[in-house]
Amino acid sequence: MVTDHSVFQINSLNPDQTQRIGASIGELARAGDLILLTGDLGAGKTCLTQGIGWGTGFEGYTASPSFVLVREYRGRIPLYHIDLYRLDNIEEIAELGIDDYTCSEGVCVIEWADKALDYFPTEHLCIRLDCLGENERQLSFNASGNRYRDLMEQLKHKWNLP
């Protein structure tokens, strides 16, 4: 049982900064990483994922996979971008075969992960995005497991946070 939880927050003043935070995460990401995103509609989950994609070396633009559920992007490591927004119950989510992505050689980023938090592995990085204003967002990081605590510490160091 994982009992190691670490938490910190970063405020982003605009979408560009949210993307830069994401790029920092992507640069630190390794194959097999699981990043769960939560927050209201329009909070910046796809914007953050765009930055994560750039940090993994993907040079294009990520699009919200709301209608196709899963998009794959190729960089130095694959990025699997999954969106659970249109799914209503855990059975639908289980039928997606998400395990194939969360146990893969890529980074798995899941939007609307709060629809199935109990379904995912206990070790992950969960990021909640909250709107503070028209463009300002608060990103709350919750690391569960040693790998994600280390990733979070590296991210704090990159952003000169205590």
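Restricting to region 67-123, name every residue that is among the aromatic types (F, W, Y), in a loop (DSSP other than H, G, I, E, B) and either farther than 17 Å from D33 by Cα or modelled with pLDDT of 90 or more (or both). Write out each step before concluding.
Within region 67-123, the subset among the aromatic types (F, W, Y) is 67, 73, 80, 85, 101, 112, 119-120.
Next cut, in a loop (DSSP other than H, G, I, E, B) only: 67, 85, 112, 120.
Scanning region 67-123 gives F67, Y85, W112.
Are any residues in region 37-64 touching a strand residue (DSSP E or B) at 6+ places or on another chain (Cβ under 8 Å) and without any contact (Cβ under 8 Å) to a residue 40 or more places away in the chain, and if so, which ones?
Hits for region 37-64 are G53, F58, G60, T62, A63.
Could you list, in sequence order, the residues of region 124-137 that are surrounded by fewer than 17 Cβ atoms within 10 Å (Cβ to Cβ) and in contact (Cβ under 8 Å) with a residue 12 or more places away in the chain? Before you say what the answer is, go through the steps one by one.
Initial filter on region 124-137 (surrounded by fewer than 17 Cβ atoms within 10 Å (Cβ to Cβ)): 130-136.
Listed by number, the residues that qualify are D130, C131, L132, N135, E136.
Taking the conditions exactly as written (more than 20 Å from A63 (Cβ to Cβ) and among the basic types (K, R)), does R76 satisfy them or not?
Details: more than 20 Å from A63 (Cβ to Cβ): yes; among the basic types (K, R): yes.
Criteria met by R76.
The values are calculated or read from the model by the stated rules, or taken from the named source; none is laboratory data. Model, not experiment: these values are computed from the prediction. Methodologically, a virtual Cβ is constructed for each residue, glycine included, from the backbone with ideal geometry; neighbour enumeration extends over all protein chains shown.
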